[in-house]
Amino acid sequence: MIDVFERRVIITAILVMGLFILAIFYAMGARKADVTECLPYDKTYETARVEQLDKTTYQIYYVARMWNFEPSVAYIPVGSEVDLFVTSNDVVHGFNVYNKNVNLMAVPGGVTKTTVRFDQPGVYKVVCHEYCGTGHQNMQAEIIVNYPKK
Amino acid sequence: MQVSRFLRNTILVELFVPILLLTVGIYHGLMQVIYRAGVIHQSSVAKLDYYQGLTLHGVINAVVLTTFFAVAFGHATIAFYLKKEPNKRATALSMWLMVIGTLLAAAAMLAGKASVLYTFYPPLKAHPAFYIGTAMLIIGSWVAFFDWITIYLNWKKENRETNTPLAVIGTLVNFTIWFVCTTAVAYEVLVLLVPWSLGLTPTVNVPLARTLFWFFGHALVYFWLLPSYIMFYTMLPKLAGGKLYSATAGRIAFFLFLLLSIPIGVHHQFGDPSIGRGVKLSQSLLTFGVALPSFITAFTLAASLEYAARKRGAKGLYSWIWKLPFFRKDVFLFGYLINGLILFIFGGLTGLVLASYSLNNVVHNTAFIPGHFHMTVAGPVFLAILGMSIFLLQQLTGKKIFLPTINTIVPYLWTVGVIIFSTGLMWGGLMGEPRRTNLGLTYLNPASDQYHPYWVISSMLGLAGGGIMFVAGFLYFISFFGTLFGKRVAEPTIDLPVSESLHEEKRIPIFDTFKPWLAIMALIIFLSYLPAISDALNNTGKKAPPYLPTDPTPVFQKK
């Protein structure tokens with residue numbers, strides 16, 4: 001039967017798991033770190049575009065296809081908050097923004113969404129990280145974050 | 001115990017076929033790291049394309065090898081512990097289904113008609129032979145399982161008050177998980193994908209197919225792992241020269257796996273559309289539940305090993321570790337198992353990172369993932385399979401191990417390789433290096449405008465580790481095939497090491513029956529997967545036609 005050491009280990013393991021789970025909730029609540037929003041799909045997501053909602057709020061609608069992203073280059077001013085919507089026109093692709101916690105799948109028939117702030121200027125590479133055919137390693141896009149022109 | 005010629009030959013075929021194919025799988029493992037490190041900037045070598053090789057690597061190493069081994073080891077375990085050989089017809093049918101299925105799938109992959117990787121996510125389309133072959137392999141393993149169920153039930157009828165041996169509980173739990181989870185992938189393959197790849201149905205619901213795949217895909221890793229767990233519990237303490245600290249802990253662990261192995265598959269889909277956040281979060285939390293049996297196991301095994309070392313006269317708080325029989329040729333299996341356990345410490349912990357809901361965003365689908373799973377499936381799973389394969393080979397043929405010293409150091413060499421390899425891949429993953437990508441063509445090609453110098457060092461570490469792993473694998477093949485073609489020196493037999501229990505084990509009825517556990521398992525799966533599947537069905541806007549990996553326009557079949 002379970003002896004005293006084993007019981008202690010099981011209780012410790014459960015407590016450690018509890019701590020990990022608390023950390024997940026902390027990240028969700030206080031740090032707003034969450035997975036993609038679940039949105040119902042409609043045809044409008046199939047049109048790639050950049051939309052400006054106000055001075056610092058943008059929306060980029062990405063369409064992935066074999067083997068490029070549209071828009072392949074997007075310009076965003078420093079300090080803007082950007083909603084990213086990603087879908088695919090053909091097979092499954094991945095969407096990973098370098099140096100940002102943006103990590104989405106581009107799946108035909110579905111749309112993923114996340115929101116990200118760009119406080120530092122720079123060229124943020126978007127890499128396709130799901131195998132999507134022989135041209136997979138060529139599939140990349142850029143988000144260029146720069147100071148407003150005026 | 002003596003085994004019939006028939007059972008002996010069946011098990012030997014089921015060990016030989018996958019190890020022979022593994023030479024192809026391991027060759028492509030080496031090729032991956034060479035392409036990825038940018039040593040070569042080519043899309044193919046020796047007429048085998050990078051992604052074709054990656055498909056072969058994944059399917060052979062992770063599906064063919066593991067399934068064949070689980071069945072072969074299951075036959076040996078059931079026959080050894082229940083003293084009853086499996087039914088001839090069922091066993092032969094099972095073996096032939098698996099062999100023919102594997103050949104079909106291998107032909108499709110080698111012909112370059114199925115370069116869709118082992119996850120075969122639609123709408124990338126493979127040749128129907130790939131889907132049908134994989135399904136036959138799985139169904140073949142079911143046939144063996146159904147036969148073991150009858151053997152077990154008959155045995156139980158005659159031994160109502162005897163505790164079922166732990167290894168038998170483990171085997172039956174493992175194949176129950178396997179049967180339940182493969183029904184989903186069998187549905188995906190046979191109902192959704194085969195007609196679609198033949199052009200009979202025009203389109204397929206991609207999120208649904210992915211959800212069904214991962215219903216199977218994560219339970220699959222426990223199907224890989226549980227044969228190793230059976231060895232850890234029932235053999236490792238004996239090999240170390242001690243006793244199993246607690247067999248009851250083993251039973252609790254196995255039944256927890258039965259409950260929680262399946263309803264956590266959505267943690268592979270945190271980045272997917274169509275599935276709600278609630279489903280993802282709840283399955284993330286359940287994943288922490290399935291880590292519990294591994295924590296229990298870690299303690300029980302460490303306690304058993306410490307007991308064994310102290311029995312050998314070890315003293316000191318930690319220095320007892322060095323009294324364990326690390327490099328002893330006569331208990332070479334110990335080396336295979338202990339190295340697997342060491343890797344699994346890191347494999348398990350990185351697994352918890354990946355299961356942690358939004359933390360997954362940092363590394364999802366990057367090289368971190370193969371970095372993690374090479375410390376699980378290429379750690380405890382692979383090493384236990386290699387060790388037990390050559391152990392059974394030696395017993396069933398009655399031959400001497402060829403180059404025993406080499407065989408003894410293989411697991412150590414392999415482990416060093418995996419540690420370096422995984423460090424490189426996980427580091428690269430943290431810097432956004434994608435998995436499953438021929439980096440050498442673009443990201444690690446200085447001539448390309450996509451060149452990404454940050455990934456040079458990490459992928460070089462991957463190359464160094466992968467090279468060491470290849471050497472270890474190569475040495476293993478020499479030892480394995482050398483043994484196979486050696487001279488018979490003893491009578492064929494199966495004689496598995498059996499660990500006694502340190503604490504006297506009383507039979508607790510609840511841990512010697514399947515019915516209540518199966519009912520709870522069904523309930524949890526139902527509650528966690530009903531919303532996932534309903535989300536995939538309801539939130540998906542359109543279905544997708546098939547695409548070949550080489551062509552951005554869909555395949556339109558002629559009517």
With respect to B:V3, is the statement that it is out of contact with any His (no Cβ under 7 Å at 6 or more places or on another chain), closer than 30 Å to B:F80 by Cα, at pLDDT 95 or above and aliphatic (A, V, I, L, M) true?
no
Unique match (being in contact with a strand residue (DSSP E or B) (Cβ under 6 Å, 6 or more places away or on another chain) and within 12 Å of chain B (Cβ to nearest Cβ)) among A:Y26, A:Y58, A:Y45:
A:Y45
For the stretch B:155-212, name all the residues that are free of Cβ contacts under 8 Å to residues at least 24 places away in the same chain and either surrounded by 21 or more Cβ atoms within 10 Å (Cβ to Cβ) or closer than 20 Å to B:P263 by Cα (or both).
B:T183
For A:C38, the lone unmet condition from (1) touching a residue at least 24 places away in the same chain (Cβ under 8 Å); (2) more than 30 Å from B:L548 (Cβ to Cβ); (3) within 9 Å of chain B (Cβ to nearest Cβ) is (1)
Within the stretch B:238-258, track down each residue that is away from chain A (no Cβ under 12 Å), surrounded by fewer than 23 Cβ atoms within 10 Å (Cβ to Cβ) and assigned to a helix (DSSP H, G or I).
B:K238, B:F255
Looking at (1) within 23 Å of the chain's Cα centre (by Cα); (2) closer than 18 Å to A:V126 by Cα, which is the one condition that is false for B:V471?
(2)
Please go through the stretch A:103-113 and give me each residue that is more than 20 Å from B:T119 (Cα to Cα) and buried (at least 22 other Cβ atoms within 10 Å of the Cβ), ordered by number.
A:V111, A:T112
Looking at the stretch B:306-316, is at least one residue within 12 Å of another protein chain (Cβ to nearest Cβ) and surrounded by fewer than 22 Cβ atoms within 10 Å (Cβ to Cβ)?
yes
Out of all the residues in the stretch A:85-94, which are facing another protein chain (nearest Cβ under 8 Å), farther than 15 Å from A:I60 by Cα and not small (G, A, S)?
A:D90, A:V91, A:V92
Within the stretch B:108-143, which residues are small (G, A, S) and more than 22 Å from B:F69 (Cβ to Cβ)?
B:A108, B:A111, B:G112, B:A114, B:S115, B:A126, B:A129
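Residue-wise test of (1) over 16 Å from B:F270 (Cα atoms); (2) among the polar types (S, T, N, Q); (3) in a strand (DSSP E or B); (4) within 12 Å of chain B (Cβ to nearest Cβ).
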| position | (1), (2), (3), (4) |
| --- | --- |
| A:Y75 | yes, no, yes, no |
| A:D83 | yes, no, yes, no |
| A:N96 | no, yes, yes, yes |
| A:N99 | yes, yes, no, yes |
| A:V116 | yes, no, yes, yes |
| A:V126 | yes, no, yes, yes |
| A:Y131 | yes, no, no, yes |
| A:Q137 | yes, yes, no, yes |
Among the residues of the stretch B:221-230, is any in a helix (DSSP H, G or I) and at the interface with another protein chain (Cβ under 9 Å from one of its Cβ atoms)?
no
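The values are calculated or read from the model by the stated rules, or taken from the named source; none is laboratory data. For clarity, every value in this text was computed on a predicted model and none was experimentally measured. Glycine also receives a Cβ, built like all others from the backbone with ideal geometry; neighbour counts cover every protein chain displayed.
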